[in-house]
Amino acid sequence: MPHFVIDCSETVLKLNTPENTLLLVHSAAVNSDLFDENDIKVRLNPFKEHYSVGGKKEDFIHVFGNIMEGRTTQQKSKLSHNIVSALKKTFPSIQFIAINIRDFEKATYCNKTMV
């Protein structure tokens with residue numbers, strides 16, 4: 001917790017290395033002061049063929065943020081803006097950059113150490 005999953009067109013990988021893109025999102029999450037750095041997980045899913053943006057094959061980046069419940073709407077909004085701003089600065093030619101933050105319930109969350 002938290003998990004940030006980056007979906008993007010494969011072209012994005014030619015504009016910046018996957019490692020740098022992962023680090024970019026990780027750093028923005030760290031700088032939010034909402035999470036312990038060692039708890040942040042970031043993954044990248046590039047799409048080569050099977051995607052559509054507005055009915056066209058346009059380049060895109062979309063981040064799905066899954067975080068433990070308890071943050072305010074203002075905190076989540078700031079997190080979203082920070083991540084999109086960092087991506088926009090690094091990928092100025094990508095027209096479609098977005099994020100959504102989802103809360104998951106503490107009561108239903110389970111990981112290996114909890115079993």
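How about the range 70-91: which of its residues are over 25 Å from THR11 (Cβ atoms), loosely packed, with under 12 Cβ neighbours inside 10 Å and not β-branched (Val, Ile, Thr)?
GLY70, GLN74
Which one is nearest to ARG71 (Cα to Cα), of the residues in the range 21-51 that are polar (S, T, N, Q), assigned to a helix (DSSP H, G or I) and touching a residue at least 12 places away in the same chain (Cβ under 8 Å)?
Ranking the candidates gives ASN31 first.
Name the single residue, out of those in the range 97-115 being within 30 Å of ALA86 (Cβ to Cβ) and of a type in the set (S, T, N, Q), that is surrounded by the fewest Cβ atoms within 10 Å (Cβ to Cβ).
Filtering the range 97-115 for residues that are within 30 Å of ALA86 (Cβ to Cβ) and of a type in the set (S, T, N, Q), the one surrounded by the fewest Cβ atoms within 10 Å (Cβ to Cβ) comes out as ASN111.
Going by what's in this entry, would ILE94 be described as assigned to a strand (DSSP E or B), aliphatic (A, V, I, L, M) and crowded, with 18+ Cβ neighbours inside 10 Å?
For ILE94, the condition - assigned to a strand (DSSP E or B), aliphatic (A, V, I, L, M) and crowded, with 18+ Cβ neighbours inside 10 Å - is not met.
Only one residue in ASN16, ASN20 is within 12 Å of LEU87 (Cα to Cα) and over 15 Å from the mean Cα position of the chain (by Cα). Which one?
So the residue among ASN16, ASN20 that is within 12 Å of LEU87 (Cα to Cα) and over 15 Å from the mean Cα position of the chain (by Cα) is ASN16.
Being of a type in the set (D, E, K, R) and within 17 Å of HIS3 (Cα to Cα) is the filter; apply it to the range 70-89 and report the residue that is farthest from the chain's Cα centre (by Cα).
Of everything passing the filter in the range 70-89, ARG71 is farthest from the chain's Cα centre (by Cα).
Inside the range 1-53, can you point out the residues that are surrounded by fewer than 12 Cβ atoms within 10 Å (Cβ to Cβ) and of a type in the set (Lys, Arg)?
LYS14, LYS48
Every number in this text was worked out from the coordinates using simple rules, so none of it is lab data. Since we're looking at a predicted model, the values are computed, not measured. Positions of Cβ are backbone-derived with ideal geometry, glycine not excepted, and every protein chain shown enters the neighbour counts.
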